[in-house]
Amino acid sequence: MKQKKWYHFLWLGEILYLILGLCNILFAWLGMLFFSIPIFITIFGGNKAYCNRYCGRGQLLGLLGEKLKLSRNVPPPKFLKKRWFRYGFLLFFMTMFGFMLSATYQVFAGAPLQETIKLLWLFQLPWEWAKVDMVAPWIAQFAFGFFGVMLTSSILGILTMIAFRPRSWCVYCPMGTMTQGICQLKNRKEPTAYGRTSKGNCRTTQTTSQ
């Protein structure tokens, strides 16, 4: 048995983030690490090391699907892998993110704080127990919106894990699509010693959490 390394336990961070967000919505700001770290790794490393090794959500889905046998473990639909779908979903995801930023700006400009979380971008969940009176309203508004985005993507990941293979979410994950595009662009500009570019480092391997 291979000895586990520290990054094999990053799935705990995914669970901890969701728990902290349920306890205090302001912890949702920690999710910015899940957005910025993959991009920095891809820009400076030129590969998808984050997706293949450090993604806590991917590890968690692997544990739920393989260890707990919660996955049907069947191949996902082919359209999920299509370029048009992956980049279309990325565009849709970024559009929702833009609406979230717009709502944050409106609160910053004086609009009332909306203490709700939108699940799957449609269903509003009440958040009456959140303690947000000690910060500027726009900071809380961003937290509500951002946690809704993170919770929605987590639910989509779990649903596709149950319906298909454990890490089927990784096939169309917006962050994975974004980092893959950055990786391919970066490697295209930096040819290898043989005058060719390497695409292997830009792929997401369907590894487990072990």
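The values are calculated or read from the model by the stated rules, or taken from the named source; none is laboratory data. The structure displayed is predicted, hence computed values, not measured ones. Here the Cβ is made from the backbone with ideal geometry for all residues, glycine too, and neighbour counts use every protein chain on show.
Listed values, structure above:
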quantity: Candidate set: the stretch 38-53, residues that are surrounded by 14 or more Cβ atoms within 10 Å (Cβ to Cβ) and hydrophobic (A, V, I, L, M, F, W, C); chosen: the one nearest to Met100 (Cα to Cα); calculated: Ile39
quantity: Criterion violated by Ser168 - all others in (1) under 21 Å from Ser71 (Cβ atoms); (2) at pLDDT 95 or above; (3) loosely packed, with under 15 Cβ neighbours inside 10 Å satisfied; calculated: (3)
quantity: Extreme residue, surrounded by the fewest Cβ atoms within 10 Å (Cβ to Cβ), among residues of the stretch 119-155 that are modelled with pLDDT of 90 or more and in contact with a strand residue (DSSP E or B) (Cβ under 9 Å, 6 or more places away or on another chain); calculated: Ile155
quantity: Residue pairs meeting the criteria (Cβ under 7 Å; at least 6 apart or on separate chains; first more than 20 Å from Gly45 (Cα to Cα), in the stretch 168-188; second small (Gly, Ala, Ser) and surrounded by fewer than 21 Cβ atoms within 10 Å (Cβ to Cβ)); calculated: none
quantity: Selection status of Leu63, in contact (Cβ under 8 Å) with a residue 60 or more places away in the chain and within 20 Å of Trp6 (Cα to Cα); calculated: yes
quantity: Single residue of Phe93, Phe97, Phe34, Phe85 found to be more than 15 Å from the chain's Cα centre (by Cα), surrounded by 13 or more Cβ atoms within 10 Å (Cβ to Cβ) and within 17 Å of Ser153 (Cβ to Cβ); calculated: Phe85
quantity: In the stretch 5-31, residue modelled with the highest pLDDT [restricted to those that are closer than 25 Å to Asn201 by Cα and loosely packed, with under 13 Cβ neighbours inside 10 Å]; calculated: Phe9
